[in-house]
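Written out below as structure tokens is the structure these notes cover.
The values are calculated or read from the model by the stated rules, or taken from the named source; none is laboratory data. Note that the structure is predicted; figures quoted are calculated from it, not measured. Positions of Cβ are backbone-derived with ideal geometry, glycine not excepted, and every protein chain shown enters the neighbour counts. All accessible areas refer to the heavy atoms of the entire protein, side chains included, with ligands and DNA or RNA removed. Shrake-Rupley method; radii C 1.70, N 1.55, O 1.52, S 1.80 Å.
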Amino acid sequence: MNCVSIIYKVQNYYVRGFVLHPKEQRLSKLPAIIFNRGGNDSNRHTLKVGDLFLLPYQLASAGNVVIASQYGGAQVWPEDREFAIGVDEFGGKELQDVLALVSILKSMPMVDIEKLGTVGWSRGSMMSLLALKSGAKIKSMVLGGSLVDLSATAKERPEFELQVLKRLIPNYADNKDKELFNRSAINWYQDLPIIPLLMLHGEDDQYINPEHARLFHTLFSQQNKLTKYIEYPNGSHTLIEQGDKVQREIINWFANTL
């Protein structure tokens, strides 16, 4: 397995990321999967090498090129840097950092860009849906611990609103309703293209109410029959306790839909 740390430029700032792919190719071109991480700009939420050996490694081992962004503004740079590193607006400007990954993949001879998937967990699910809404040519998608209704989540988790939303979203106090609407797929699911979509959620998710994912699936499946929703009894937000089962589900999903 090859794992490479990358630095790429978006507009006038730099972003860190990772690329994983098999050392040996059985096919001339491989499917590609954008891995959208969860969390915010704090260092403890950024991707570490150990994180790459979980789902990203398994997806690459299954014969995919996997690429991931730390997102602009992430605390992954030395403090004495002399260049811009972007900003994390939690579903705002840093969406461009995800869309830029498509161009990187297109430049890689081993990639079949017509077979592009995304997988996103928690905040990463929001980023995946925003990328799809923005026109990224995504063929298949997997969402976990889906953040699809920020307004409802903010009401249920005041600490999340205070520590993340108010801190990262520009002009939050003045434009709260508009900004949360724009980041919540529950409001614009009808505008999304019809693609295979797998949603995974833990019944006991302590961060994102599974009812939000259930409702989104119910509504979206009325226009998109290619959706599948799996809820794990007693499952947590990360579904870490279901690790092997969840990884197999995701790998098989992409194997059948890319």
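Within segment 232-247, the set of residues being surrounded by 12 or more Cβ atoms within 10 Å (Cβ to Cβ), within 18 Å of the chain's Cα centre (by Cα) and assigned to a helix (DSSP H, G or I) comprises G243, V246, Q247. Inspect segment 27-39 for any residue being more than 22 Å from R248 (Cα to Cα), aromatic (F, W, Y) and modelled with pLDDT of 95 or more and give the result as yes or no. No, the conditions are met nowhere in segment 27-39.
Could you pull out the residue among V111, V98, V87, V119 that is at negative phi, among the hydrophobic types (A, V, I, L, M, F, W, C) and touching a Leu at 6+ places or on another chain (Cβ under 6 Å)? Before you say what the answer is, go through the steps one by one.
Working: V98 fails: touching a Leu at 6+ places or on another chain (Cβ under 6 Å); V87 fails: touching a Leu at 6+ places or on another chain (Cβ under 6 Å); V119 fails: touching a Leu at 6+ places or on another chain (Cβ under 6 Å).
The unique qualifying residue is V111.
Of all residues in segment 99-106, one or more are at pLDDT 95 or above and more than 18 Å from the chain's Cα centre (by Cα).
How many residues does segment 72-116 contain that are among the acidic types (D, E) and assigned to a loop (DSSP other than H, G, I, E, B)?
Quick first cut of segment 72-116, residues among the acidic types (D, E) only: 79-80, 82, 88-89, 94, 97, 112, 114.
Going one step further and asking which of them are assigned to a loop (DSSP other than H, G, I, E, B), we end up with 79-80, 82, 88-89, 94.
The qualifying residues number 6.
In the set V19, V15, only one residue is in contact with an Asp or Glu (Cβ under 6 Å, 6 or more places away or on another chain) and of a type outside the set (F, W, Y); that residue is V15.
Name every residue in segment 105-123 that is out of contact with any helix residue (DSSP H, G or I) (no Cβ under 6 Å at 6 or more places or on another chain), among the aliphatic types (A, V, I, L, M) and surrounded by fewer than 18 Cβ atoms within 10 Å (Cβ to Cβ), in order of residue number. Before you say what the answer is, go through the steps one by one.
Let us first name the residues in segment 105-123 that are out of contact with any helix residue (DSSP H, G or I) (no Cβ under 6 Å at 6 or more places or on another chain), namely 105-110, 112, 114-116, 119, 121-123.
Narrowing further to those that are among the aliphatic types (A, V, I, L, M): 105, 108, 110, 116, 119.
Within segment 105-123, M108, M110 qualify.
Hey, could you check segment 1-39 for residues that are in a strand (DSSP E or B), touching a residue at least 24 places away in the same chain (Cβ under 8 Å) and open to solvent by 60 Å² or more (accessible area, probe 1.4 Å) and say which is farthest from A100 (Cα to Cα)? Step by step, filter segment 1-39, then rank; the result is C3.
The residues in segment 168-226 that are in contact with a strand residue (DSSP E or B) (Cβ under 8 Å, 6 or more places away or on another chain), open to solvent by less than 60 Å² (accessible area, probe 1.4 Å), under 25 Å from K139 (Cβ atoms) and outside any helix (DSSP H, G or I) can be counted, and the count is 9.
Out of the residues in segment 60-104 that are free of Cβ contacts under 8 Å to residues at least 12 places away in the same chain and over 16 Å from V19 (Cβ atoms), which is surrounded by the most Cβ atoms within 10 Å (Cβ to Cβ)? I'd like the intermediate steps shown before the answer.
Looking only at segment 60-104, we keep the residues that are free of Cβ contacts under 8 Å to residues at least 12 places away in the same chain, and these are 78-82, 103.
Within this subset, residues satisfying the condition of being over 16 Å from V19 (Cβ atoms) are 78-82.
Details: P78: 6, E79: 5, D80: 5, R81: 9, E82: 5.
Filtering segment 60-104 for residues that are free of Cβ contacts under 8 Å to residues at least 12 places away in the same chain and over 16 Å from V19 (Cβ atoms), the one surrounded by the most Cβ atoms within 10 Å (Cβ to Cβ) comes out as R81.
For segment 124-153, a residue qualifies if it is in a helix (DSSP H, G or I), more than 24 Å from G86 (Cβ to Cβ) and either open to solvent by 10 Å² or more (accessible area, probe 1.4 Å) or small (G, A, S) (or both), and the qualifying residues are S151, A152.
Of the residues making up segment 154-167, those that are among the hydrophobic types (A, V, I, L, M, F, W, C), closer than 25 Å to F35 by Cβ and either open to solvent by 10 Å² or more (accessible area, probe 1.4 Å) or assigned to a loop (DSSP other than H, G, I, E, B) (or both) are F160, V164. Checking every residue in segment 155-176 against the condition of being in contact with a helix residue (DSSP H, G or I) (Cβ under 9 Å, 6 or more places away or on another chain), closer than 23 Å to L30 by Cα and of a type in the set (A, V, I, L, M, F, W, C) gives zero matches. Within the bounds of segment 40-49, is there any residue that is open to solvent by 10 Å² or more (accessible area, probe 1.4 Å), within 23 Å of I138 (Cβ to Cβ) and touching a Cys at 6+ places or on another chain (Cβ under 8 Å)? Checking segment 40-49: not a single residue is open to solvent by 10 Å² or more (accessible area, probe 1.4 Å), within 23 Å of I138 (Cβ to Cβ) and touching a Cys at 6+ places or on another chain (Cβ under 8 Å).
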